[in-house]
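Enquirer: The structure is given below, and queries will be raised subsequently.
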Amino acid sequence: MSTIQPFRLLDLPREIRDAIYHATLCEWPCQGLFRHSIANTPDRQVRLEVMAQKVEPNILRANRMIYHEAKQVLLKGNKFVYIQMVARNPTLLSGAFVRSQIPVVATGRDNVVLFKDLVVMKHLIKFAEDPGSSPRVRLDAIILHQDLTDFCKALALVDVHSRRFAGQSWHRITILNPFTTTLSPDFLNPTNQVRAPSILWHVSVPIFFVWSR
């Protein structure tokens, strides 16, 4: 008869459990060149390569307590950002990702919708272009907050080098609060943002904000 006993994660101190959750859900692998590209099709859709899947979200299914603890670490450790870009010229959409090698967690509407309750920010970008018959191309992607600054720098270069020059792209940023149903519902309150300003990105150019709770 086997004497092996089941391992009880909840018997460990909370600090150790949080470290396990972080290693399981928030440590993405280092990766070389991303093969972001524009598809050779009539609508020239942008194709983004996602990061290798090292995170193990199945731990969220263990039980109710582990779900709430692990989800809180998942949100704090990643701070997912939803990027949606629309333009007639797919080169404008790919420029921020292809040349700057921005890591992508998920891409495509069907995959991005799975993060709808996990993102802390949604950034919608539309490019003003000359009227034409080409259909508008839409790009949906999830990136990590840690890569947001690099994405915005790349986006600024795309805008500067676009046909209509800078200032012709339209931006709408919605700040979301996925912590409302976690053990730390006030994580994004003003006091915490003052203490840790890196929680969210501070925009230095005029952009239209929408706050959602």
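The values are calculated or read from the model by the stated rules, or taken from the named source; none is laboratory data. Since we're looking at a predicted model, the values are computed, not measured. All Cβ positions, even for glycine, are placed from backbone atoms using ideal geometry, and neighbour counts span all protein chains on display.
Enquirer: State yes or no: is ASP43 modelled with pLDDT of 85 or more and either over 21 Å from the mean Cα position of the chain (by Cα) or of a type in the set (Asp, Glu) (or both)?
Expert: Here the answer is no, as ASP43 does not meet what is asked.
Enquirer: Here is a further query. Quick one: how many residues across segment 46-73 are of a type outside the set (S, T, N, Q), part of a loop (DSSP other than H, G, I, E, B), at pLDDT below 85 and closer than 27 Å to LEU12 by Cα? So that I can check it myself, show each step before the final result.
Expert: Our first condition is that a residue be of a type outside the set (S, T, N, Q); within segment 46-73, this holds for 46-52, 54-57, 59-62, 64-71, 73.
Subsequent filtering for residues that are part of a loop (DSSP other than H, G, I, E, B) retains 48-52, 54-56, 62.
Next, only the ones that are at pLDDT below 85 stay: 48-52, 54-56.
Of the ones still in play, those that are also closer than 27 Å to LEU12 by Cα are 54-56.
Total satisfying the criteria: 3.
Enquirer: Say whether the condition of being more than 9 Å from the chain's Cα centre (by Cα), free of Cβ contacts under 8 Å to residues at least 60 places away in the same chain and part of a loop (DSSP other than H, G, I, E, B) is met by at least one residue in segment 110-122.
Expert: yes
Enquirer: Right, something else. Output the residue which, of all residues in segment 157-186 that are modelled with pLDDT under 80 and either of a type in the set (S, T, N, Q) or within 20 Å of the chain's Cα centre (by Cα) (or both), is surrounded by the fewest Cβ atoms within 10 Å (Cβ to Cβ).
Expert: GLN168
Enquirer: Identify, from the list GLY108, GLY77, the residue that is surrounded by fewer than 21 Cβ atoms within 10 Å (Cβ to Cβ), under 25 Å from TYR21 (Cβ atoms) and among the small types (Gly, Ala, Ser). If you could, list the steps in order and put the result at the bottom.
Expert: Details: GLY108 fails: under 25 Å from TYR21 (Cβ atoms).
Just a single option satisfies the conditions, and that option is GLY77.
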